[in-house]
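The structure appears right after this line, and notes come after that.
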Amino acid sequence: MKTLVVTPLPVILGVLLLLSPACSRKAVQSGGDTRALQEEMARGGAKGGTSSSFPDTSLSGKDETSSLRGFDRNPLEERLGGGGHNGNGTVTPGNTLMAKSDPGGAARQLAEIRAEQTASTAAGLRDVFFTYDSFSITDEGRHALTSDAEWIKSNPLVQLKIEGHCDERGTSAYNLVLGEKRAKAVRNYLVELGVVPQHLSVVSYGKERPFCTEHGEHCYSMNRRGHLVVKVGK
Amino acid sequence: MTLRTLVIAGFCAMVGLVWIIESGAADVFLEAARPDFQKIPLAIAGIENLGGAESPEGRVKLGSRIEEVLKTDVRRSLVFALVDVNGLGIKAGQLGAEPDPSFKHAVENGVSVVVWGRAGIKSGNKDSDVNMDGYVYDAGNNEVVGGKRYVGSTSVVRLMAHRFADELVFRYTGEPGIARTKIAYVSELGSARELFVMDYDGYDPRQLTADGFLNLMPRWSPDRRFLVFTTYRNRNTQDIDLLELANGKRWTLVSQGGLNITPALSPDGNFLAYSSSSEGNAELYRMDTHTKAVQRLTTNAGGDLSPSWAPSGRELAFTSDRSGGPQVFLISADGSNVRRLTFEGDYNAAPAWSPRGNWIAYVCRTPRKEYKLCLITPDGQKRVQLTTGPGVDDSPSWSPDGRHIVFSSTADGKSHIYMINTDGKDLERITFTGTHNSAPTWSPAS
């Protein structure tokens, strides 16, 4: 019988919580100073582009221009903008969203990736493969790294990058951690073999740059990899 | 004897009532999961086509297009039950701004709200403005409670429907609705992965970055103006960048060696939580976005990543492999009070705290080694598996109303983006083009 007294409280609390957004939303509706927002956005834009200062991400800059206005018996005309055709008096967000980039960036990336591949193939570097969920170096991996270490030691001017890769199973985020563990396991073994650590860097690509895109163990085993690359560019 | 029977019967009824109330209280926020949740019966009588207006695609009439979008929005709101207007005797073309005699019959058949409207282009000119009028009749008041008049170019006809749907949800729940929300995601372009944003229903995708390499795991700022994400500079190092959607402007927030992944802005936007391995293995950090002061939250030999803020901003859920395989943990926002949340299975990751605070969605590996979505309460008392079947499910993200989850899955072969209700119903695929769409993240409501 004790529960009888207790039970209504969560219900009441729940109802209150459910209703509370209504109150705050209504309060917010009467606000919405478009001009202040635009000025702030202009300021944010003017100082943008550097890592030394970045814009206010707190809710103080919240865009209220798109607030709902409720139904009206004699509704006023609401002009909707966005969709890449911003007209005057736009009242919705949907601000034009555009890809902005360094136009030569993608081409430069591609050229450098090709150069890295060519240099790595010419060096005859061998990759290391891992079992499911694991980042320990197998016997086969040790053999590969032994020959890699010899090449690296006889080419002391080369900077090497060790990429950690994973198969498509598991989450994107955790595979980045797993990929880093694999890359670091490879680096640590190379250092054990006498490679100078300053010549090695690691980067994890998780499951985002697979060598093989089919579903199945054949591809999965190809993608669980420590990939050795001769660094080109920065 | 009869008195005792009566007392027993009364007691049983009381216990029954208590049980009903209690089960209701436990689920009070997960309304959509309740079979007895009373949706409001709503009939869309039709959006009449005016003046033979043509949509940009031609042929399909503007009114019909708006009506179709409106119906989908209303259905997905999970606030209304769409009533079939056939047989109710309502003729949209004859409706004005006053209640129609035909509504009486509809109300007798259980309809609470009737919606209708008209749409057309002002002149015959293709570039002219589209006009849409919409009206709402409420059976409780027995009157037309109001309407909306929208005007805009042909490119915003879907937005007219979305906005009208959100006004309906707003009127009947006090919440803004999700029809105008957006989903940011990652899509493959060649061998690169770039950021995109689309409407919540998968329409109008727009490319945000064109770096030619990897951009991963975007998250929204609470004011919807920015995305934070991981970007690879020169392929060799990871930074955490901030991108302003309106103009593509970018700022670098975190630039250190090692992994710098899974950024997440706090609900008030004042803090950025992220994972970085710059001091060894992946640990959680918290940056004050005003002072840029960085505080380390975790210290242990395992990898800590994927922080997701509780709506209160006082706690975070995150992934950690400190106890072997990845598991979901909770931590206070100051780094204290770390405790493990998931114990079932040997792989639980990518937690997403619901906007109502009562559930955490995450990726759980089943005994059959399938990666599916699970839900767990923050006290760990209740756990349910949300998705089943083949394919790797990843990156759950909640709709701002807490009634849907968007996620990526390889269920159909290539990775695409799907939406599901929190009760496991209405699984819908929302991307159909591209070779790899992943890491969806649902915007806050506006």
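How many Å³ per residue does the convex hull of the Cα positions in region B:312-431 occupy?
On the way: hull volume 12.4 nm³, N = 120.
So the per-residue hull volume is 104 Å³.
For each of B:Tyr185, A:Tyr189, A:Tyr205, count neighbouring Cβ atoms within 10 Å of the residue's Cβ, then give the residues from fewest to most.
A:Tyr189, A:Tyr205, B:Tyr185
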When the Karplus curve 6.51 cos²θ - 1.76 cosθ + 1.60 is applied with θ = phi - 60°, which whole-Hz ³J(HN,Hα) does each residue of region A:161-174 get, with x for Gly and Pro? 10, 10, 9, x, 10, 9, 7, 6, 7, x, 7, 4, 5, 5
Which ordering of A:Thr146, B:Thr422 is given by a fewest-first count of other beta-carbon atoms within 10 Å? A:Thr146, B:Thr422
Relative to the longest principal axis of chain B, what angle (0 to 90°, nearest 10) does the C-alpha long axis of helix B:157-173 take? 90
With only Lys, Arg, Asp and Glu charged, each at its Cβ (+1 for the first two, -1 for the last two), find how big the charge dipole of region B:182-442 is about the Cα centre; round to the nearest 20 debye. 180
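Where Lys and Arg each count +1 and Asp and Glu each count -1, what net charge lies around B:Lys91 among other residues with Cβ under 10 Å from its Cβ? Intermediate results must be reported in sequence, preceding the final value.
Working: positive: none; negative: B:Glu48, B:Asp100.
Local net charge: -2.
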Could you give me the ³J(HN,Hα) list for region B:242-254, computed from phi with Karplus coefficients 6.51, -1.76, 1.60 and θ = phi - 60°, whole Hz, x at Gly and Pro? 10, 10, 8, 5, 5, 9, x, 4, 10, 10, 9, 8, 10
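Between B:Leu82 and B:Arg314, what is the FRET efficiency for a Förster distance of 35 Å, r being their Cβ-Cβ separation, to the nearest 0.05?
On the way: r = 39 Å, r/R0 = 1.11.
After rounding, the FRET efficiency stands at 0.35.
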Per-residue Cβ contact counts at 10 Å, fewest first, order B:Tyr362, B:Tyr418 as B:Tyr418, B:Tyr362
GluC sites (Glu not before Pro), restricted to region A:177-234: which are DSSP loop and have at most 16 other Cβ atoms within 10 Å? A:Glu214
Taking 2.2 N^0.38 Å as the expected size of a compact globular protein, what ratio does the Cα radius of gyration of chain B give against it, to two decimals? 1.11
Which listed pairs, of A:Lys161/A:Lys207; A:Lys207/B:Lys369; A:Lys184/A:Lys231; A:Lys181/B:Lys249; B:Lys369/B:Lys414; A:Lys184/A:Lys207, have C-alpha distances above 22 Å, in listed order: A:Lys181/B:Lys249
Which shape class, rounded, prolate or oblate, goes with region B:273-318 when its Cα gyration tensor gives a ≥ b ≥ c as root eigenvalues, a/c under 1.5 marks rounded, and past that a/b bigger than b/c marks prolate? oblate
Simple SL model, points at 7 angstrom along Cα→Cβ for A:Asn74 and B:Lys369; separation in nm is 7.1
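Between B:Gln256 and B:Val145, what FRET efficiency follows from the Cβ-Cβ distance if R0 is 60 Å, with the result rounded to 0.05? Write down the numbers at each step before the final one.
Working: r = 56 Å, r/R0 = 0.93.
About 0.60, to the nearest 0.05.
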Please figure out what share of the DSSP beta bridges in region A:162-234 is antiparallel and state it in percent, rounded to the nearest 5. 50
Jot down the radius of gyration and Dmax of region B:137-226, Cα atoms only, both in angstrom. 17.8, 59
Under-5 Å amide H pairs with B:Asp129, H placed in peptide plane, nonlocal only: B:Lys122, B:Ser123
Rough spin-label spacing in nm, given labels placed 7 Å along Cα→Cβ, for B:Asp288 and B:Gln38: 5.0
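Of all GluC sites (Glu not before Pro) in region B:236-298, which ones are in loop regions per DSSP and have a Cβ with at most 16 other Cβ atoms within 10 Å? Display every interim value, and only then the final one.
Details: sites: B:Glu244, B:Glu279, B:Glu283; in loops: B:Glu279.
Sparse-neighbourhood loop GluC sites (Glu not before Pro): B:Glu279.
Per residue of B:255-264, what is the mean number of Cβ atoms on other protein chains within 10 angstrom of that residue's Cβ?
On the way: counts 1, 0, 3, 5, 10, 1, 8, 5, 0, 0.
For this peptide, the per-residue mean of nearby foreign Cβ atoms is 3.
Need one value for B:109-115: mean number of C-beta atoms belonging to other chains within 10 Å of its residues' C-beta atoms.
0
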Note the direction-averaged projected area, equal to a quarter of the hull surface, for the Cα convex hull of region A:102-147, in nm². 4.8
Restricting to region B:35-173, compute how many DSSP beta bridges are antiparallel as a %, nearest 5. 65
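May I ask you to order B:266-278, A:118-130 by the average number of other C-beta atoms within 10 Å around their residues, highest value first?
Ranked from most to least packed, the peptides come out as B:266-278, A:118-130.
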Equivalent ellipsoid dimensions for region A:144-234 as semi-axes, Å, which come from the Cα gyration tensor, largest first: 25, 13, 12
Filtered pair list for region B:35-173 (Lys only, Cα < 30 Å, 8 or more apart or interchain) has a length of 23
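Please label the shape of region B:35-173 as rounded, prolate or oblate, based on the square roots a ≥ b ≥ c of the eigenvalues of the alpha-carbon gyration tensor (a/c under 1.5 means rounded; beyond that, a/b larger than b/c means prolate, else oblate). Each step should come with its number before you reach the end.
Working: a/c = 2.05, a/b = 1.61, b/c = 1.27.
Note, shape of region B:35-173 comes out prolate.
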Report the residue, chosen from B:Thr231, B:Thr366, B:Thr433, that carries the largest GNM mean-square fluctuation when chain B is represented by alpha-carbon nodes joined by springs under 10 Å. B:Thr433
Within 10 Å of each Cβ of A:205-212, how many other protein chain Cβ atoms are there on average? 5
Estimated vicinal HN-Hα couplings, Hz - region A:125-130 in sequence order (Karplus 6.51, -1.76, 1.60; Gly, Pro = x): 5, 9, 8, 10, 10, 10
For a Förster distance of 25 Å, can you work out the FRET efficiency between the beta-carbons of A:Met222 and A:Leu157, rounded to the nearest 0.05? 0.25
Taking only the alpha carbons of region B:182-442, what extent do you get along each of the three principal axes, in Å, biggest first? 44, 40, 31
Antiparallel as a % of all DSSP beta bridges within region B:138-274, to the nearest 5? 95
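All of the numbers you see were taken from the coordinates with simple rules; none came from a lab. All of these numbers come straight from a predicted model, not from anything done at the bench. Positions of Cβ are generated from backbone atoms using ideal geometry, with glycine treated the same way; all protein chains shown enter the neighbour counts.
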